[in-house]
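**Student:** Here you go, one structure.
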Amino acid sequence: MGNCLRSSSSPRSIFRKNIKPLPIETMFKLPSPIPSWPPGEGFASGTIDLGGLQVCQISSFNKVWTAHQGGPGNLGATFYEPSSIPEGFFMLGCYSQPNNSSLFGWVLAAKDLTNDHSGGTLRTPIDYTLIWSSDSSNIKQDGIGYIWLPTPPDGYKSMGSVVTSTPEKPPLNKIRCVRSDFTDLVQIDTWVWGPGKETTANGINVFSARPAETRTQAFGVATGTFIAQNSGTAVSISCLKNVSRNLSAMPNLNQVEALVQSYSPWVYFHPDEQYLPSSVSWFFQNGALLYTKGGESTPISIKPTGSNLPQGGSNDGAYWLDLPIDGSAKEKLKKGDLQDAEAYLHIKPILGATFTDVAIWVFYPFNGPARAKVEVVNVSLGKIGQHVGDWEHVTLRISNFNGELRSVYFSEHSGGCWVNASELEFQNGNKPVAYASLHGHALFPKAGLVLQGNGGIGIRNDMAKSKMVMNTGVRAVVVAAEYLSSPVIVEPPWLNYAREWGPKLSYDIAEEIKKVEKFLPGTLKRAFEKFIKGLPNEVLGEEGPTGPKMKNNW
């Protein structure tokens, strides 16, 4: 795709000869070719059997229609239909993406394996309904776009829409509907496009779609198609379902190790970082202590694997970990040991086992004090933000069709975000780069300043490159992969320790706030107090965190 005068009978076609190319006109590819993976059952074989319905992932497209305004960044969006569909497979819907990033999409195509001509898994629609047309839209566009919803036969459901550049209905054999028992509920994910700069209740809005449930135990399968919402009413489509709960496309342990070596992130630490990660065993062997409620005067040392930690139960306050009593040993432990640091991996199926999530957890013995920006004033928050034990993670989402890295999740304090591979920084081939924020260790895809707050007041997250960097693939340990029957992964005892990895801190937050306010003009003090009171406990550092298995993102 490039700059050209597209032929069209519509007066709305625009001449783009001297207009800067849109980001989407470049197709994104990972910096290095995808390697050949070690042999296995079904991982990276190109197709996945959902129990009588075989699917493949299509990432080659023919452009149908482009809007040049509206949507994210007000750059418009482009609508595509899949191309180069293998023989015997059929399209389930078209694809759409905002124009503000390189083309990096996919949709599924499907093939009926039942050989049941009267009640097979796929049927052609019986008609189409026009959802929306750009004919009356006063937007910059290439031609006119039409979005059609297939009308499925009884007992079948539509997976997506058909987009055309002419007002005639698409041929009925253009697309396939799927038998209802192979479908699942779908929900809106991210905004793709609308004529305005943000979503509105009136008019057309296009969203990416995902299964309503995305837990590892859920078996809804994303199709890569979009949901069109006209005047607030969402078009009824579904996603697929792995009805056989087939896990054969998941990687075996050798393949997991190859994936980690190919995609394990580099984590850069700020030049001023004092509190670095370590292995869990280093933390235990260098003086970490286990405390018991009622026996605070007699803490005990912890064995290297955590085998003497209480197992199971809940975070009931009966036990907690803390630093050594000796001052010099305490300071040593707080600083961590980057050379000894390990990455702990949880491998899990997602989106009906059509993707693999590799959660990469890193442990820090100590989380340093937070810093705030109050409009133009930067202030240290004293003891606020400090706590013993800090767990952070990134998650790689990998396609089980071909082993390609599709996106990465960056944990950021009590939340986080998914970032498409097309928007990542890479180093040494296909290894993404992550930046750990100064003292807090939240992970971000870019260097710079991210302010956690609003109105010019917030916690500073400062990220920058330095000589301190962790290649998470060097000392990577798989600690959990529940889907593997052989070899069975033996979880280390510390993973099933359900209590806090640090004590409840005894400092007075109100007193710490007063110390900070001494440096603030009167007009900013009240706003700062309100902001601090709204921070979650994880940021305030009032309590030590629980381990990775006890977190929602486990």
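The values are calculated or read from the model by the stated rules, or taken from the named source; none is laboratory data. Keep in mind the model is a prediction, meaning the values are calculated, not measured. Glycine also receives a Cβ, built like all others from the backbone with ideal geometry; neighbour counts cover every protein chain displayed. Heavy atoms of the whole protein, side chains included, go into the accessibility calculation; ligands, DNA and RNA do not. Shrake-Rupley method; radii C 1.70, N 1.55, O 1.52, S 1.80 Å.
**Student:** Among 260, 302, 229, whose Cα lies farthest out toward the positive end of the dipole of the stretch 189-338, if unit charges sit on the beta carbon of Lys, Arg (+1) and Asp, Glu (-1)?
**Tutor:** Highest projection toward the positive end goes to 229.
**Student:** Using packing as a proxy for protection, rank 30-36, 63-69 so that the peptide with the highest average count of other Cβ atoms within 10 Å comes first.
**Tutor:** The densest-packed peptide leads the list: 63-69, 30-36.
**Student:** When ranked by the protection proxy of mean other Cβ atoms within 10 Å per residue, highest first, what sequence do the peptides 409-421, 478-490 form?
**Tutor:** 409-421, 478-490
**Student:** What residues qualify as long-range amide H neighbours of residue 435, i.e. H under 5 Å apart, gap of 5 or more or another chain, H built at 1.01 Å from N?
**Tutor:** Hits under the 5 Å cutoff: 268, 444, 446.
**Student:** Treat each spin label as a single point 7 Å out from the Cα along the C-beta direction, and report the residue 486 to residue 553 distance in nm.
**Tutor:** So the two model labels end up 3.6 nm from each other.
**Student:** Still on this structure, please answer the following. If amide H atoms are built 1.01 Å from N in the plane of the peptide, which residues on other chains or at least 5 residues away come under 5 Å of the amide H of residue 400?
**Tutor:** 355, 356
**Student:** Separate question: Considering only protein heavy atoms, what per residue accessible area in square angstrom results for the stretch 228-292 with a 1.4 angstrom probe?
**Tutor:** Roughly 35 Å² per residue, with all protein chains present.
**Student:** Here is a follow-up. If each DSSP helix of 4+ residues adds -39,500 (n - 2.57) and the sum is divided by the residues in the chain, what number results at 222 nm, nearest 500 deg cm²/dmol?
**Tutor:** Using -39500 (n - 2.57) per qualifying helix, the result is -2500 deg cm²/dmol.
**Student:** Quick one: 3J(HN,Hα) in Hz for the stretch 476-490, Karplus 6.51/-1.76/1.60 with θ = phi - 60°, rounded, Gly and Pro as x.
**Tutor:** Working through the residues one at a time gives 9, 10, 6, 9, 7, 7, 4, 6, 7, 8, 8, x, 6, 7, 8 Hz.
**Student:** Ignoring ligands, DNA and RNA, how do 123, 526, 406 rank by accessible area with a 1.4 Å probe, largest first? Present the calculation step by step, with values, prior to reporting the outcome.
**Tutor:** Working: 123 85, 526 175, 406 20 Å².
Correct descending sequence by accessible area is 526, 123, 406.
**Student:** Which residue, 141, 175, 218, has the largest displacement toward the positive end of the dipole of the chain when charges sit on each Cβ (Lys, Arg +1; Asp, Glu -1)?
**Tutor:** Selected residue: 141.
**Student:** Can you work out the Karplus-derived ³J(HN,Hα) for every residue in the stretch 62-71? Use 6.51 cos²θ - 1.76 cosθ + 1.60 with θ = phi - 60°, whole Hz, and x for glycine or proline.
**Tutor:** For the stretch 62-71, the Karplus curve yields 10, 6, 10, 7, 10, 9, 9, 8, x, x Hz.
**Student:** Sorted by accessible area with a 1.4 angstrom probe, largest first, how do 550, 463 fall?
**Tutor:** 550, 463
**Student:** Could you work out the relative contact order of the chain? I mean the mean sequence separation of Cα pairs under 8 Å and 6+ apart, divided by the number of residues, in percent.
**Tutor:** Relative contact order of the chain: 13 percent.
**Student:** Still on this model: Would you please give the residues with an amide H less than 5 Å from that of residue 124, counting only those at least 5 places away or on a separate chain, with H modeled from the backbone geometry?
**Tutor:** Placed amide hydrogens put 177 under 5 Å from residue 124.
**Student:** From the phi angles alone, apply the Karplus equation (6.51, -1.76, 1.60; θ = phi - 60°) to the stretch 156-171 and give each ³J(HN,Hα) in whole Hz, x where the residue is Gly or Pro.
**Tutor:** 10, 9, 8, 9, x, 10, 10, 10, 10, 10, 10, x, 6, 4, x, x
**Student:** Also: Taking a spot 7 Å from the Cα of residue 166 along the direction of its beta carbon, which residues of the stretch 113-140 have an amide N less than 18 Å from it?
**Tutor:** 128-130, 133-135
**Student:** In the stretch 257-345, which GluC sites (Glu not before Pro) fall in coil by DSSP and have 15 or fewer other Cβ atoms within 10 Å?
**Tutor:** 296
**Student:** Given a 1.4 angstrom probe, I'd like the percentage of the accessible area of the stretch 441-523 that is carbon and sulfur, rounded to a whole number. Let's see the in-between values first.
**Tutor:** On the way: 2300 of 4070 Å².
Accessible surface attributable to carbon and sulfur in the stretch 441-523 totals 56 percent.
**Student:** Let me ask you something else. State, as an integer percentage, the relative contact order of the stretch 410-473 based on alpha-carbon contacts under 8 Å between residues 6 or more apart.
**Tutor:** 25 percent
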